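One structure is given here, and the rest of the page talks about it.
The values are calculated or read from the model by the stated rules, or taken from the named source; none is laboratory data. Quantities reported herein were computed from a predicted structural model and do not represent experimental measurements. Don't worry about glycine lacking a Cβ; one is built from the backbone with ideal geometry, like all the others, and counts go over all protein chains shown. Remember, those area values only see protein heavy atoms, side chains included, never the ligands or the DNA or RNA. Shrake-Rupley method; radii C 1.70, N 1.55, O 1.52, S 1.80 Å.
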Amino acid sequence: MMNFKPYINTAPSIFGKMSAIAKAHNAINFTQGAPDFKTPDWLMERLEYYTRSGFNQYAPIPGTLSLRKAIAQKIKACYDITTVPEDNVSICSGAIEAIFALISAVINKGDEVIYFDPAFDAYPAIVAFNQGVSRRIPVQENADINLELLAQSINDKTKLIILNSPHNPMGGVITHAQYQAIAHLIRGKDILVLSDEVYEHIYAGESYTSALQIPGLKDKLIVVQSLGKTYNLTGWRLGACIAPKQIITTINAVKQFTSFGAPHPMQLALADGINAHPEYWQELPKLYQTQQQKLVDGLSSSRFKLLPWSGSPFQILDYSAVSNEDDFTFCQRLIQEYGVGLVPISSLYETPKQGLVRLCFAKYDDALLEGVKRLCQV
C-alpha cells in the first residue's frame, strides 16, 4: 500500500461536490464561482487568430510580454500604480497557481500563515501541503476584518498574511484605512502579505481599493488577480501575480516545475482584448451591482435573511428562519425538492458554523430570477 503524506487533503472541494449534485438533478446552479456571462466575441476572434497563426507551443515561464505589459497598463489605469512588466508581473495558470507557488516558496514546516475565516478552501490545503500552520481569524458579523485579533495573532512564527478582498464567501471588502493599519502592524517584521483580489471588479460602492495602492505594503506585497473571473473565461486558466522582482523570480522558479507556462495563444488574445476594450472592465462593476440588486429585491419576500454585501459574486443567505438542518443536508434538499443549487459553507470554517449558505449570482436574468422564484417557495 502506498504511504502518502498524511497532511495532503484528499477531500473533494465542496464547490465541485455541490455543483455535481446540482447538475445531476438538473437544478439551477448557483454553486460555483465561474460566471455564466458570455465570453466577449472579440476575445474569441483574437484567440482564433493566434491559434491559426501558429502560436500553439510553450509560452515563456513568466508569461508573454504582451500580456504582462497589458496587465501593467491596466493596473496604472485602475489604481494609478506603476509596475515594471518584465520584473513585477507573472502570468499563472489561474490565480490558484500563483497562490500555490507563493506559499510553497515561503512556508516551511511550522511557519504560520494568518487568514480570515471562513476561507477559500485552497488556503488551508496549500498551507498544510507545505507543513505550515494556519492561524484563522473569524470575520466579524458584517464581513469586516478584525484588526485587533490580527494584531494579537502575529508572532515570531508568522511568515505570511493572506487577505481576500472582495472576500469569498462573505463578500466583505477591505478599506484603504484597514490596509494602512495592516501595513503598520507588519512594519519592521519579516512578514509577507498575499492579497487575493480575484474579484477586484465586483464591488458595491463607487470604487475599490487594491492593496497595491498602499505604499507601506509595497516591498512585502503579492497581489493575485483572476483574468478568468474578470473576462468570463475561467476555462482558459489565466491569472496574474504582481509582486517585487525577487518574489516574482521565486514564483516563476516554482511555476517552472508545475505548469511551466499558461496557455500561449490565450495570453496573446487576452493582451489584445485588455488593450482594445478597457470599457469591458470599467462596466463590469455595474453589471454585478445590477444582478445583486435583482437578487435582493427578488428575495425580499422570502424567509431567507441576506447578509451585508460589499463585493464578490456571492451573496450569503441565512436560512435559520427556514430550517434547523445542517447546511449540507439543507442544500441537498434544496436541490432535490426545489431544483436550486447553493453551497453549504460550514466546511470553510476552522470550526464549522451552521445556518449560512452561499449563492453565486453571476447569472443572466433567466436563471437568476427563476432561481429566486424557487427560493421564495422554500
Exercise. Using a 1.4 Å probe on the protein chains only, how many percent of the accessible area of the range 31-110 belongs to carbon and sulfur?
Worked result: 51
Exercise. When you count, for each residue, the other Cβ atoms within 10 Å and take the mean per peptide, how do 199-210, 6-17, 286-297 rank with the highest first?
Worked result: 199-210, 286-297, 6-17
Exercise. Heavy-atom accessible area per residue, the range 271-341, 1.4 Å probe: how many Å²?
Worked result: 44
Exercise. About its Cα centre, how strong a charge dipole does the range 100-143 have in debye, to the nearest 20, once Lys and Arg get +1 and Asp and Glu get -1 at the Cβ?
Worked result: 140
Exercise. For the range 120-210, which whole-number percentage of the solvent-accessible area (1.4 Å probe, protein heavy atoms only) is attributable to carbon and sulfur atoms?
Worked result: 49
Seminar exercise, completed: The rounded separation in angstrom of the Cα centers of the range 22-50 and the range 121-146 is 29
Exercise. Once whole DSSP H runs in the chain are found, which of them have Cα atoms spread over 20 Å or more along the helix axis and a mean Kyte-Doolittle score of at least -0.5?
Worked result: 65-79
Exercise. Under a point-charge model restricted to the Cβ atoms of Lys and Arg (+1) and Asp and Glu (-1), what is the dipole moment magnitude of the range 225-367 relative to its Cα centre, in debye to the nearest 20?
Worked result: 360
Exercise. For the range 1-67, what is the accessible area per residue in Å² when the probe is 1.4 Å?
Worked result: 66
Exercise. Round to a whole number: what % of the accessible area of the range 280-322 belongs to carbon and sulfur, probe 1.4 Å?
Worked result: 49
Problem set entry | For the chain, size of Cβ-based charge dipole, Lys and Arg +1, Asp and Glu -1, in debye | 580
Exercise. So, counting K/R as plus one and D/E as minus one, what does the shell of residues with Cβ under 12 Å around residue 338 add up to?
Worked result: +1
Problem set entry | For the range 231-237, 3J(HN,Hα) per residue [Karplus equation, 6.51 cos²θ - 1.76 cosθ + 1.60, θ = phi - 60°, Hz, x = Gly/Pro] | 9, 6, 8, 4, x, 7, 6
Exercise. In terms of modelled amide H atoms, which long-range or inter-chain residues lie less than 5 Å from the amide H of residue 195?
Worked result: 163, 222, 223, 224
